[in-house]
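Each remark here refers to the structure printed beneath this line.
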Amino acid sequence: MSHPFGGISTALAPHPTRSSRPSARGSLVHVRVRVEQTALPGIGVRHDLMTESGRRLGVVSHRNGRRDLVLYDPDDPDACQADIPLTDDEAEALADILGASLLLGQLSGLREQAAGLLTEQVAIPAASAYVGRKLGDTKARTRTGASIVAVLRHGEVIVSPEPSFRFAAGDVVVVVGTRQGLDGVTAILADGDPDG
């Protein structure tokens, strides 16, 4: 199966992006990924990248807003092995999944770097007194020494939420701290009494 848009593209300058990922020893290393942008006259634009494992994949963004996830044949990088149309919601969910796993992977690497520093995901139960209340109302950092560094809500990752951020039932908070601090934040968020 050949690439559905391969014959009509014009290559533009590649756009390297920079990200961080944990190394085998737990320290963060910076990785450069070359993203090639190709104009598709009358269609839109295609962004391709080569994975570390040697697989080429891309996203075609059509002028009408539609997106296709494209996986190239490993034996012929110009041939399309799979072309998966994505709705806006599907594209957003995929981006959220990839973003959340990258964030949690980075936090996991940090955990290995600092003895005694842990990360944990804590779900906010519907019975919590903090449902509908602000993050700042918990005084979690002051009371426990642990920090809430992200909130996962309906597939969305909210990194470094402000003190004015309001919790909802089912939110999952990512907490960084000592074991005692993590237990303290878990108890605070589970508590039916915010002054508890």
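Bear in mind that the values in this text are calculations on the coordinates, not laboratory data. Being a predicted model, the structure only gives us computed values, none of them experimental. Because the Cβ atoms are built from the backbone with ideal geometry, glycine has one as well, and the counts that use them run over all protein chains shown.
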Discussion item. Going through G42, G65 one at a time, which residue ends up being over 27 Å from V159 (Cβ atoms) and loosely packed, with under 12 Cβ neighbours inside 10 Å?
Written reply: G42
Item to complete: Considering each of V151, V157 in turn, give the residue that is touching an Asp or Glu at 6+ places or on another chain (Cβ under 8 Å) and touching a residue at least 24 places away in the same chain (Cβ under 8 Å).
Response: V157
Worksheet item: Of the residues in the stretch 39-54, how many are farther than 23 Å from E92 by Cβ and of a type outside the set (A, V, I, L, M, F, W, C)?
Response: 5
